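Comments concern the structure below.
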Amino acid sequence: MKDKIAILKEKGIRITPQRLGVYDLLCNTNKHLTVDEIYRKMKDKFPAISLATIYTILELYGKKNLAREIRINFDKSCYDSRMDAHHHFYCKKCKKVFDVDIPLCLTLQRSEVDGHVIQELQGYFYGICRECRVGAVNSENKGRAES
């Protein structure tokens with residue numbers, strides 16, 4: 001937790017229990033959380049916290065490069081504390097978002113395209129995740145066995 005406090009201070013962010021709680025949650029989860037999910041988890045710790053406070057904290061973290069909004073699912077945004085250039089995969093079946101680590105192409109390594117400077121990368125892949133694929137294959141095989 002001390003490292004997180006130091007990071008927030010380094011970014012010029014005034015430390016509050018709510019800001020620290022949201023940052024800790026984003027850093028220590030293995031999924032990309034929506035605002036509603038963050039709010040529900042923070043409400044357990046801070047019963048008086050409002051949804052507006054969560055939005056304000058996330059906006060601040062976006063400006064300070066501590067979290068980014070991911071718009072891979074057009075119904076809901078989710079947030080990622082991983083700020084390096086990486087892609088995301090959205091499973092159309094289970095609706096989960098996964099980090100995808102693939103080598104960056106030469107254009108992205110140079111951070112320039114046709115004279116334009118690339119400042120941020122948001123690469124999205126859409127499909128069926130491996131867990132859902134396995135589940136679909138198992139269901140299909142079970143159906144054949146019963147026939």
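The values are calculated or read from the model by the stated rules, or taken from the named source; none is laboratory data. Note that the structure is a prediction, hence the values are computed from the model and not measured. Here the Cβ is made from the backbone with ideal geometry for all residues, glycine too, and neighbour counts use every protein chain on show.
Only one of the numbered conditions (1) of a type in the set (D, E, K, R); (2) within 25 Å of GLU131 (Cα to Cα); (3) in contact (Cβ under 8 Å) with a residue 12 or more places away in the chain is violated by ASP75, and that is (3). Search the range 73-83 for residues being modelled with pLDDT under 85 and not polar (S, T, N, Q), and hand back the single one that is nearest to LYS9 (Cα to Cα). Here the answer is LYS76. Being over 13 Å from the mean Cα position of the chain (by Cα), of a type in the set (D, E, K, R) and in the same structural domain as LYS11 (by TED's automatic domain parsing) is the requirement here; does LYS43 meet it? The answer is yes for LYS43.
Of the residues making up the range 95-130, those that are assigned to a loop (DSSP other than H, G, I, E, B) and closer than 12 Å to ASN73 by Cα are LYS95, LYS96. The residue that is farthest from the chain's Cα centre (by Cα), among those in the range 9-36 that are closer than 23 Å to PHE98 by Cα and without any contact (Cβ under 8 Å) to a residue 12 or more places away in the chain, is ASN28.
Pick from the range 112-140 the residues that are of a type in the set (Ser, Thr, Tyr) and under 22 Å from the mean Cα position of the chain (by Cα): which of them is surrounded by the most Cβ atoms within 10 Å (Cβ to Cβ)? I'd like the intermediate steps shown before the answer.
Our first condition is that a residue be of a type in the set (Ser, Thr, Tyr); within the range 112-140, this holds for 124, 126, 139.
Of the ones still in play, those that are also under 22 Å from the mean Cα position of the chain (by Cα) are 124, 126.
Working: TYR124: 14, TYR126: 11.
For the range 112-140, the residue satisfying everything is TYR124.
Number of residues in the range 1-52 that are β-branched (Val, Ile, Thr) and in contact with a strand residue (DSSP E or B) (Cβ under 6 Å, 6 or more places away or on another chain): the value is 1.
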